[in-house]
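The values are calculated or read from the model by the stated rules, or taken from the named source; none is laboratory data. As the structure is a prediction and not an experimental result, all values here were calculated from the model. No Cβ is skipped: glycine too gets one built from the backbone with ideal geometry, and neighbour counts run over all protein chains shown.
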Amino acid sequence: MKKEFTSYIVENTESLLSHIGMPQSVVHRSDIIIISLIVLITAFLVMEITYRTTLFATRRILRHKQYTFLTQMLAAGRLRKTALAIPPIIISGMLPIAFDSEPRILYYAQRIVWIYFCTATVVAINALLTALAYSAFTNSKYHDRPIKGFIQISKVIVYLIAVIVIISIITDKSPLYLIGGLGAFAAVLMLIAKDSIMGFVGGFLLLENDMVRLGDWIEIPGTSINGNVFDISLTIVKVRNWDNTIATIPPYSLINGTFINWRGMSETGGRRIARSYIIKLDNIKPCNDNMLRRLKGLDKELALYINSKLEQMRRNVVANTDNPEGLTNGTIDTNAGLFRAYADIYLRRHPLIRKDMIIMVRTLEPKETGLPMQFYCFTTTTEWRSYESIQSEIMEHFASVMPQFELYPFQTSGSRETIISGLLEGQFPVERIDGMPYKTIK
């Protein structure tokens, strides 16, 4: 069929050129040129028809339902870029028709066409990958995934394969032969581009192990980097710090070093409060009947707790972790223990503290300044402003209610306290001292 088609074109072309007076040598060369032009026109005409048909079908689909992938294929001429891979396929099949009598020219022409095919295929695949990345960014299921890094890995693989195939076409060697010789080249490349390769490998490991996602709050100890990740690629991670400065980090520094990812906190929906006050040791004392009677009026639940503990004491029930009637957070033996019990009750009934996570009030190792008392719980929100507001409200409340238990936090004495202390020691009338701090009156 090819020979009949070729003979038909050649005979008519030669007849036409001879009729207008062309020399026979020119007539022979003109046959090849005209057939080549016909092949090229046919190939690109098929490409244009395919592109127009696909464009029409895509627009019709988008009129009925919006698909992000198809919308992105229409943007930036990506649909036309994918159509560029069609002409070389048609040309490679029709080249023997044009150069049937010129095997040498056919040999080189076929290699040029295949190089063009590899290049057009790379352009088409890149257009598809870019459209796929944009569609993934808008998908709520994948919006926090580092799609950009995976797309870059895919593009690098496509580029490497295309380069190997093109070199094998130029050198007329098998691609496997070239891959076998990459060992020595890789050793030299490691010396020349060590940092770039480490960045590439680090970025790949970062994505493969899902160590960082877009939107994650990360913190790197010992540096000023503390904020949200807004861009991840194979060679760089960008972080917007809380002061709105932007920090760039090479991925391998995250792999080799240590960093904190707060994603787990966000996924659980509870952010930890672990704050403490340092209680002055000389204010801690045993509870007496008058103190217990007075503090019963401070809070109804605290009154129930005191009565239950008095009943346990009457029945000689020991409070321990194995005893369901015992209380972990607090006692009525000292004012500090009673305050721990009140703080535990307050946190458990707070509407913005999670009840399904640990709630604990405990004393830490004593310091030279006093006894640290820590309040440990989790908020129902991880939003920064709300969290800080809840935490501040809780700590302010405990600071205001501590004097009711005759407890006071440690504070370094200032000049005002020193002056007041001197006036009192000098028998200066108390009623004449403005703003007498309650902690100086026993």
Looking at region 346-379 only, could you name the residues that are β-branched (Val, Ile, Thr) and either part of a loop (DSSP other than H, G, I, E, B) or over 32 Å from the mean Cα position of the chain (by Cα) (or both)? 358, 359, 361, 363, 369
Determine, yes or no, whether residue 243 is in a strand (DSSP E or B) and modelled with pLDDT of 70 or more. no
Take residue 54 and decide whether it is surrounded by fewer than 17 Cβ atoms within 10 Å (Cβ to Cβ), over 29 Å from residue 107 (Cα atoms), among the β-branched types (Val, Ile, Thr) and touching a Ser or Thr at 6+ places or on another chain (Cβ under 8 Å). no
Would a scan of region 398-405 turn up a residue that is within 16 Å of residue 330 (Cβ to Cβ), in a helix (DSSP H, G or I) and of a type in the set (S, T, N, Q)? yes
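Here are some residues: 148, 173, 141. Which one is modelled with pLDDT under 75 and in contact with a Ser or Thr (Cβ under 8 Å, 6 or more places away or on another chain)?
148
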Scan the helices (runs of 4 or more DSSP H) fully inside region 62-124 and keep the ones with 3 or more residues being more than 34 Å from the chain's Cα centre (by Cα) and at pLDDT below 75. 86-98
Selection from region 214-232 of residues that are surrounded by 17 or more Cβ atoms within 10 Å (Cβ to Cβ) and touching a Lys or Arg at 6+ places or on another chain (Cβ under 9 Å): 214, 216, 217, 218, 227, 229, 232
Counting only residues in region 321-346 that are of a type in the set (S, T, N, Q) and at pLDDT below 65, the one surrounded by the fewest Cβ atoms within 10 Å (Cβ to Cβ) is identified as 321
Collect the residues in region 220-240 that are assigned to a loop (DSSP other than H, G, I, E, B) and under 15 Å from residue 202 (Cβ atoms), keeping them in residue-number order. 220, 233, 234, 235, 236
